[in-house]
Each structure stands twice: as C-alpha cells, then as structure tokens.
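Have a look at the structure below before the remarks.
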Amino acid sequence: DAGVIQSPRHEVTEMGQEVTLRCKLISGHNSLFWYRQTMMRGLELLIYFNNNVPIDDSGMPEDRFSAKMPNASFSTLKIQPSEPRDSAVYFCASSLVSGGPDTQYFGPGTRLTVL
Amino acid sequence: GDSVTQMEGPVTLSEEAFLTINCTYTATGYPSLFWYVQYPGEGLQLLLKATKADDKGSNKGFEATYRKETTSFHLEKGSVQVSDSAVYFCALPLSGNTGKLIFGQGTTLQVKP
C-alpha cells in the first residue's frame, strides 16, 4: 500500500513568492493533519480536517497560510506571500478516525527554504 | 488541559547501552498512549502504542508500559544500536475522537559505536 505522498520534497523560493505544498492521503483515511517542524519551535500542528472539513486551524500562523481539501484524498497548503521565517519542514499525516487508538501516518515531508 | 512531558535531550549512549526516555502525561480518563520515532530526513512513524492501563507496547526491541498510577509511559530498550539514533516523541490523543494527537517536544537519541 502506498503511504502518504507529499510533493515537492524540496522547495526553494524567494521571499514574496507563492508556495503550494501537496499531500495525498492514504486511501480510506478520513482525517488529514498539516504540521510544521523547525529546530526552534519543534513540531507544530497547523490545521487538521475530518471528512474534508477543517476542524481546527488555530495553529495556522497567519493569514498568509491557507489549506484546502478539494476531495477526500488530496490536500494543499498554500503560503502567499512566503517569508524567510516560513522555512521549515512541512509534514502532512493521515488517519482513519474510528473511535479507537487512531494512528497517524506521516508523509516524508517537504523541506521549504525561503530566501 | 491534556499534555505530554518528555525528558530533555539529547541523550547520548554507547552501542549496547540501556535506554530509558521518560514520558509523563496529564489527561482526562485513560487515553491510548503512543511513541513515535523520526529517523533523520524522514517523517514520524509509529513505534509502539498501548491502549489501556498496564498494557505494554513493544516493537523493534523497544518497550513501554502504561502506568496510570504514575501517569507515565517511559520508553526502554535493553541494548541500543547506532541505527536507533533518531528523535522519539511521546503522544496521546486529544479527547473528543478527532484523531488529533498531542505530542511531547521530542527527545533526540544519539548512539555512538
């Protein structure tokens, strides 16, 4: 079975440019989580969705960040305009929330560098 | 609110040494507990879990026992290898069946040959 797929794996862009990160969930999963990881702040939850509906976006740092789930298997995280402080590794994770001990499955991450 | 506290890292050990990484939690009720591992350059992956008090999760030589009396879920391994060098995260689910996990800050383990 394919795991969570993220693209691109690496992104280098200049300040002010729009960046779009993509994530494909594991087939059959119904929840999607976007995280950001930096040395300074560690692992931070940005936003998560259940059944395509955003449940909690309180971790989104500011209005420059937006996330969508256009369908049940795909999500995007957009940063517009990007800033150097957005440089980080961005992970998405998917899960099947079924009332039990729900395991999150992480993608390999997108390493974003904003110059 | 619910929270997870892990011991500060980094932890540096020689190969074949005994490993303990402490994790304590604060939660309502008795949630499932998880340990995730992140190898260099990769995403997090589930290492082991325990679903109720006194359960022991185990995988790849690692073990952790769910202790409700001490609200702890310490990770142990009897003999570490260089390949165990990674960041280890303790986690518990947020109540409400959302699937959201509350992660500890992570503990870096470095094993030297």
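Any chance you could count how many residues in region A:90-115 are open to solvent by 20 Å² or more (accessible area, probe 1.4 Å) and either within 14 Å of chain B (Cβ to nearest Cβ) or modelled with pLDDT under 95 (or both)?
10
Taking into account only those residues within region B:4-20 that are among the hydrophobic types (A, V, I, L, M, F, W, C) and under 24 Å from A:GLN37 (Cα atoms), which is surrounded by the most Cβ atoms within 10 Å (Cβ to Cβ)?
So the residue we want is B:VAL4.
Would you tally the residues in region B:61-93 being closer than 28 Å to A:PRO108 by Cα and touching a strand residue (DSSP E or B) at 6+ places or on another chain (Cβ under 7 Å)?
Of the residues in region B:61-93, 22 are closer than 28 Å to A:PRO108 by Cα and touching a strand residue (DSSP E or B) at 6+ places or on another chain (Cβ under 7 Å).
Assess whether B:GLY96 counts as being farther than 30 Å from A:SER7 by Cα, of a type outside the set (A, V, I, L, M) and over 15 Å from the mean Cα position of the chain (by Cα).
Yes: the conditions hold for B:GLY96.
Please list, ordered by residue number, the strands (runs of 3 or more DSSP E) wholly in region B:1-108 having 2 or more residues that are touching a Cys at 6+ places or on another chain (Cβ under 8 Å) and closer than 30 Å to A:ASP57 by Cα.
In region B:1-108, the matching strands (runs of 3 or more DSSP E) lie at B:3-6, B:23-26, B:33-38.
Filtering region A:21-37 down to residues that are among the polar types (S, T, N, Q) and open to solvent by 30 Å² or more (accessible area, probe 1.4 Å), which residue is farthest from the other protein chains (Cβ to nearest Cβ)?
By that ranking, first place goes to A:SER27.
Output the residues belonging to region A:1-20 that are among the hydrophobic types (A, V, I, L, M, F, W, C), more than 14 Å from chain B (Cβ to nearest Cβ) and surrounded by 16 or more Cβ atoms within 10 Å (Cβ to Cβ).
Hit for region A:1-20 is A:VAL19, nothing else.
Looking at B:TYR36, B:TYR30, can you tell me which residue is under 30 Å from A:ILE5 (Cβ atoms) and of a type outside the set (Asp, Glu)?
It is B:TYR36.
May I ask you to verify whether A:LEU46 is under 24 Å from B:THR107 (Cα atoms), aliphatic (A, V, I, L, M), away from chain B (no Cβ under 11 Å) and under 11 Å from the mean Cα position of the chain (by Cα)?
Judged against the criteria, A:LEU46 is a match.
Yes or no, residue by residue, for (1) under 14 Å from the mean Cα position of the chain (by Cα); (2) surrounded by 20 or more Cβ atoms within 10 Å (Cβ to Cβ); (3) under 28 Å from A:LEU32 (Cα atoms):
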position: B:ASN22; (1), (2), (3): yes, no, no
position: B:TYR25; (1), (2), (3): yes, yes, yes
position: B:TYR36; (1), (2), (3): yes, yes, yes
position: B:GLY41; (1), (2), (3): no, no, yes
position: B:LEU44; (1), (2), (3): yes, yes, yes
position: B:ALA50; (1), (2), (3): yes, yes, yes
position: B:CYS90; (1), (2), (3): yes, yes, yes
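The values are calculated or read from the model by the stated rules, or taken from the named source; none is laboratory data. Note that the structure is a prediction, hence the values are computed from the model and not measured. We place every Cβ from the backbone using ideal geometry, glycine too, and count neighbours over all the protein chains shown. Remember, those area values only see protein heavy atoms, side chains included, never the ligands or the DNA or RNA. Shrake-Rupley method; radii C 1.70, N 1.55, O 1.52, S 1.80 Å.
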